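Visitor: Structure in structure tokens, see below.
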Amino acid sequence: MSTEWQHQLREFVNTIDKLKQYVNLTLEEENFLGTTETIWGTTPYFAALMDPDDPTCPIRRQVIPSIKEQQNRYGMSNYLVWKENRATAEQRPDCIARQYYDRIAFTVTQSCANYCRHCFRKELVIDGNLDLDFDVNEGLDWIADHPEVRDVLVTGGDPFLLSDEKLEYLIRKLRELAHIEMIRFGTRLPIVLPHRITPGLKKIFSPYHHVPIWVNTQCNHPREITDMTAKAIFELLSCGVNVGNQAVLLKGINDDVDTFRALHQKLLTVRIRPYYVFYCEPAPGIDHFRTPLEKGAELIRDALRGHTTGLAQPMYVLATNIGKIPLMPDYYIIKMTEREYTLKNHKGQTTKITKIP
Ligand SMILES: *Cc1c(COP(=O)(O)O)cnc(C)c1O
Ligand code: SF4
């Protein structure tokens, strides 16, 4: 039985001819597409959100490869091996990445429904130059042997590209382990292929279970949010799945105050709770998407804190080989005496509170 989401994948937009049905390519774009061997592509749904005439369109830049990807001044070679601690003493299957004691990242596929040009895992999902074996049963066995792991983050690629049967199996097997207290999925599909949230998928999520499922999606610009996104998120929430967002700070896409605020406000209008904003990582060939490190904290200070609801506030972090490093703007204590603190708000006004020893 064919469903709309599978149809979208069959019609994957990954040739120049198909792309031309959605955008008027610039000469530079077309020349590069004609010579590059990089994996690229998106769904017809996401392609239709691109501005046909503006090569700087925030969605278009995440979809269409740029010749700038061949420049690499600041990226680290073998980035992912370093980042995911693959070369350390603890023996783990390829599918298990570990930076923390109580939680791990479990990679279950290398495929995506949008090959994001800024992806920090591009060595794996786009360049395909890592020889890793993602065996779900091997990962499940490893997790079963590690009772200290209470939180499993299922990632990829895009884990929601797995069939309903495989997802049901994965969730059932994880829930059979007494030490697993929560299951998380990192998936871009609610944004690039909302059709994936089918009645069949809802059926897998719907029955009450004491081990909750959390989804974090990736939305980087308010224009990625449509009525279909809103519907898909509502469906997920309606079967007990919480939905958060992990944006990536991208130069020229969401690194200005207005866009950054609009993104976080619009996420809430479709019931997505902002979770993280990631600094764009030093993977090779994505220099052109990267800002100075301080940029995210400045944006939280100038666009979000006090300027809009606390529900819209993500944590700004740099993901590293030793875990995520919070890079939030300073706390607003501007003075402390023996008796009181002086505090500043987003407008620069001050107030005081008594100090408790
Ligand atoms: C990001 C990440 C996690 C989850 O981190 P949270 O801060 O709990 O969201 C777990 N393991 C690895 C390897 C990660 O990269
Ligand atoms: S969906 Fe995620 S893993 Fe896939 S290319 Fe985009 S950022 Fe990378």
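Visitor: In region 131-141, how many residues are surrounded by fewer than 19 Cβ atoms within 10 Å (Cβ to Cβ) and either part of a helix (DSSP H, G or I) or touching a Lys or Arg at 6+ places or on another chain (Cβ under 9 Å) (or both)?
Guide: Qualifying residue count, region 131-141: 4.
Visitor: Could we say that Ala262 is within 30 Å of Phe160 (Cα to Cα), more than 16 Å from ligand 2 (Cβ to nearest atom) and in contact with a helix residue (DSSP H, G or I) (Cβ under 7 Å, 6 or more places away or on another chain) here?
Guide: yes
Visitor: Here's something else I'd like to know. Go through region 148-173 and give me each residue that's within 15 Å of ligand 1 (Cβ to nearest atom), in contact with a helix residue (DSSP H, G or I) (Cβ under 9 Å, 6 or more places away or on another chain) and at pLDDT 95 or above.
Guide: Val149, Val152, Val154, Pro159
Visitor: Can you spot a residue in region 4-14 that is in contact with a Gly (Cβ under 8 Å, 6 or more places away or on another chain) and surrounded by fewer than 21 Cβ atoms within 10 Å (Cβ to Cβ)?
Guide: Looking for residues that are in contact with a Gly (Cβ under 8 Å, 6 or more places away or on another chain) and surrounded by fewer than 21 Cβ atoms within 10 Å (Cβ to Cβ), one finds at least one in region 4-14, hence yes.
Visitor: Please indicate, with yes or no, whether at least one residue in region 78-87 is more than 9 Å from ligand 2 (Cβ to nearest atom) and touching a Ser or Thr at 6+ places or on another chain (Cβ under 8 Å).
Guide: yes
Visitor: Right, something else. Those residues that are surrounded by fewer than 16 Cβ atoms within 10 Å (Cβ to Cβ), at pLDDT 90 or above and closer than 28 Å to Lys173 by Cα, I need them from region 69-121; list them, please.
Guide: Tyr100, Tyr101, Asp102, Ser111
Visitor: A further question on this structure: Right, Ile286: in contact (Cβ under 8 Å) with a residue 24 or more places away in the chain, within 20 Å of Arg117 (Cβ to Cβ) and either more than 16 Å from ligand 1 (Cβ to nearest atom) or crowded, with 16+ Cβ neighbours inside 10 Å (or both) or not?
Guide: Yes.
Visitor: To continue, here is another question. Can you pull out the residues in region 93-114 that are more than 14 Å from Gly156 (Cα to Cα) and either touching a helix residue (DSSP H, G or I) at 6+ places or on another chain (Cβ under 6 Å) or away from ligand 1 (no atom under 11 Å from the Cβ) (or both)?
Guide: Matches in region 93-114: Pro93 only.
Visitor: Another one. Could you tell me whether Val149 is away from ligand 2 (no atom under 16 Å from the Cβ) and buried (at least 21 other Cβ atoms within 10 Å of the Cβ)?
Guide: Spelling it out, Val149 is indeed away from ligand 2 (no atom under 16 Å from the Cβ) and buried (at least 21 other Cβ atoms within 10 Å of the Cβ).
Visitor: Output the residue which, of all residues in region 103-125 that are among the charged types (D, E, K, R) and closer than 17 Å to Ser66 by Cβ, is nearest to ligand 2 (Cβ to nearest atom).
Guide: Top of the filtered list is Lys122.
Visitor: With of a type outside the set (D, E, K, R) and over 19 Å from the mean Cα position of the chain (by Cα) as the only criterion, which of Ala89, Ala105, Ala113, Ala97 stands out?
Guide: The unique qualifying residue is Ala89.
Visitor: Would you check if Leu124 is modelled with pLDDT under 95, under 16 Å from Ser111 (Cβ atoms) and surrounded by 15 or more Cβ atoms within 10 Å (Cβ to Cβ)?
Guide: Yes; evaluated as a whole, the condition is true for this residue.
The values are calculated or read from the model by the stated rules, or taken from the named source; none is laboratory data. The shown structure was predicted, so the numbers you read here are calculated from the model rather than taken from an experiment. Cβ coordinates were reconstructed from backbone atoms using ideal geometry, including for glycine residues, and neighbour counts include every protein chain displayed.
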